[in-house]
């Protein structure tokens, strides 16, 4: 094969994958928009317009915080012999997350013991 043919095949493969990724991203944005609109309408009938918008905004804020934490932690685990939590700050975040999960689990219980 000639070098031009190889380059053309590689470029066309990359171009097709980039086009597919772009289409997936567009469809994901449209789906998020539709789900947000439907959720807002459903929440509006239950809680009113202002509270519905606040709930949807809170959900997006929580997702943004989760993505920021994931991005900040990504690539921090270099070797497997290191302890799971290496710094004081990571320990505090882990304890906060654990406390939130425990509080949610306790709040979901139907009956409470006095």
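Every read-out reported here was derived from the displayed coordinates using simple, explicitly stated rules and does not represent laboratory data. The shown structure was predicted, so the numbers you read here are calculated from the model rather than taken from an experiment. Heads up, the Cβs are rebuilt from the backbone with ideal geometry, glycines too, and the neighbour counts pull from every protein chain shown.
Among all residue pairs at least 6 apart or on different chains, which show Cβ distances below 6 Å where the first residue, located in the stretch 12-27, is touching a residue at least 12 places away in the same chain (Cβ under 8 Å) and the second is in a helix (DSSP H, G or I)?
Going by the 6 Å Cβ cut-off, there are no qualifying pairs.
Give me the pairs: first residue in the stretch 91-107 and touching a residue at least 24 places away in the same chain (Cβ under 8 Å), second residue surrounded by fewer than 10 Cβ atoms within 10 Å (Cβ to Cβ) and assigned to a helix (DSSP H, G or I), beta-carbon distance under 8 Å, and six or more apart or on different chains, which are they?
none
Can you tell me which condition residue 5 does not meet? The list is (1) exposed (fewer than 10 other Cβ atoms within 10 Å of the Cβ); (2) closer than 25 Å to residue 100 by Cβ, and all the others hold.
(2)
Regarding residue 55, is this residue under 30 Å from residue 90 (Cα atoms), over 13 Å from the mean Cα position of the chain (by Cα) and part of a helix (DSSP H, G or I)?
Yes: the conditions hold for residue 55.
Tell me yes or no: at least one residue of the stretch 12-23 is assigned to a helix (DSSP H, G or I), loosely packed, with under 10 Cβ neighbours inside 10 Å and out of contact with any strand residue (DSSP E or B) (no Cβ under 7 Å at 6 or more places or on another chain).
No; the residues of the stretch 12-23 include none that is assigned to a helix (DSSP H, G or I), loosely packed, with under 10 Cβ neighbours inside 10 Å and out of contact with any strand residue (DSSP E or B) (no Cβ under 7 Å at 6 or more places or on another chain).
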